[in-house]
Amino acid sequence: MASVPVARVTHFVVPDPLLEGISPTVRRILASIATSTLALGGLLVATAAPATAHTPEAEATCDSLTVDLQAYQGATVTVRVDGQVVDRDTFHSSYDESFDLDPSREQTWDVEVDAHDGDHHDWDRTGDSDACESSAPEIGTAFYVYPKIDPERPAAWENSGFQTLIATRDGGEFWETLPEEYPGELFDETTLPADVCEGSWGVQQDIVGIHDGFDWADYQHIEFENGGPYFRDLRAYRHDDLSNYLAECSEEPARQVTPDEPAFVESCEADNAVTLPPDSEDVRYHATWNEARTEVTVTAELTEGVEPAPDAVTTWSHTFTREACEPEPEQEPQPEPTVVTPEAPQVTDLCGVENDDLSVPEDTEEVTYTSTDGGILAHAAESTTFGDLPAGYTAVDETTALFAVDESTFTDEPCALVPGDITAVCESEVPYLAYEVSLPQGVEADGDTPLTVTFLNPDGDDYTVTDQPLAGSLLWPGASAQEPLQWPGWERLDDGSYVETDGNYAWTRDGVQVRFEVNPDYSTVVDYPPASSECANPELPDAGTGGVDPIVDAEPVADAGAEELPQTGATVGIVAAVAALLVAAGVTLFVVRRRLRQE
């Protein structure tokens, strides 16, 4: 059991000089008062309680935290909510504060007290707060637009037409700028008139109390003239001109700027750094680093009245890798490349274009070839290079060369038949065209009789014979090898005699152009056998001697500018031999033959 202090009564002796002149009765009274006073003081000492101890308290609800600290002789208190310091204060004897919590979610709090009169008086308390059962806001704000009844009067409820709800939000704060939801789902902004910037439309903002059963859907449209609907708990309202909120009505549109990019500097000898562009009246730059100083984010903050230009960047992030500080690996020595030579393509340039060809060389292990629009590209394989290039190649680089192919590579000359002997000959008193032609190199004939021979009439229809071999003879136009014999330019009468005529291909007698065609063609002038030839004309009585002119073989006439073509071939040889025998036998032989023929 604790001991109780006992008051002691002490007798005081009053000095005689103080008592002189005082009666004994008064002295006794004074002594009694002194004794009572001492007794009372002892009683107070005996009944006094010890000193009061520190009393810390912390209590949280769903939306507040209360901290009450009493009976301290000086202390420092730190209050944290979700790890963030919301207050740190030094007090002398007491501390009593409340802090708002987020009623919509759970939160963690902590109160730490550092007592100045000893560590044993320190105190720390941690706790959690639950979300409130109902976190719905008590008030809300609505933003309406409407046409004014009288555009000349200020915006007001009494001057408002049919109002349309644009946006709502929790709390009781008016919009100072156009809501992000504008024009919303209910309003067609295309119905705004051209004079909207002149104050013909207004804005109404209402702050209302939210009660059970309240729904903004019931207030999508309100109208003064029709009496509402009205808000049951309208706490505040404001009217403005819609032109105050529309950007197109602003006299000074925001300036558009493009912030300069920062420079990120990686250094192997110093800390990573970023060089910020200088601040201007439009843009200010800020850099935020992580703790390791390996990542940085630079933000360009635009001043009031300034907005970023299209495609402008206002935030840059960079991670420093220090890869440039790593030593580069030593490069192994590379062997000298092997010198190789590309093969030239094979160019085949024949007459015409159908038979032209460019043969691409075959790929090898050292060189590969690619055909392009510009020609043939030769590619040297890895570890090889080109040295001296063949004619026609041009170096692109050390491992690529181009063999150019263009219009000059091929001549594209038209194909023409190659002529041999072409002449008019006599055979058994009948004129023939003897000929021999050949196809140019690279041209093949379709079949054994591809040739078409045409005697060209300068004044009428041509004479054409088709399906002929490349070498042979043709009966002359107007001639007949069977009885009765016929010759061009002559007509046989009923009595068996002949007279000259302009018909029967007489136009072929005075030098005729003959064209030979397969696909390529060739033309030349061939003369009909002269009148002295035995096959040139029918035999007629000689007015002087009754004989005939000597017969002479016809000689070929080449095309203008062409070399004279010699007579060759079996038919021409026979005719030449017969002519030689006739000359040797003399004129008498021909007379005998003439007479025998007449008999």
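General remarks:
- Nonlocal amide H pairs with residue 420, under 5 Å, H built at 1.01 Å: 436, 437, 438
- Rounded to the nearest 10 Å², the accessible area of residue 415 at probe 1.4 Å: 40
- Å² per residue, accessible surface of the stretch 209-294 at 1.4 Å: 71
- Rg/Rg_globular for the stretch 243-311, with Rg_globular taken as 2.2 N^0.38 Å and Rg from C-alpha atoms: 1.52
- Percent carbon-and-sulfur accessible area, the stretch 114-201, ignoring ligands, DNA and RNA, probe 1.4 Å: 45
- Remark: relative contact order (the stretch 117-258) = 28 percent; criterion is Cα-Cα distance under 8 angstrom and separation of 6 or more residues.
- Where 291, 307 fall by accessible area, highest first, once all protein chains stay in place (1.4 Å): 291, 307
- Calculated on C-alpha atoms, the gyration radius of the stretch 186-249 divided by its Kirkwood radius gives an Rg/Rh of 1.03.
- Ligands, DNA and RNA are left out, and with a 1.4 angstrom probe the accessible area of the stretch 432-526 is 53 Å² per residue.
- Using R0 = 45 Å, the C-beta based FRET efficiency linking residue 357 and residue 313 works out to 0.15.
The values are calculated or read from the model by the stated rules, or taken from the named source; none is laboratory data. Since this is a predicted model, take the numbers as computed values, not measurements. Virtual Cβ from ideal backbone geometry, glycine too; neighbours counted across all protein chains shown. Ligands, DNA and RNA are excluded from the accessible area calculation, which covers all protein heavy atoms including side chains. Shrake-Rupley method; radii C 1.70, N 1.55, O 1.52, S 1.80 Å.
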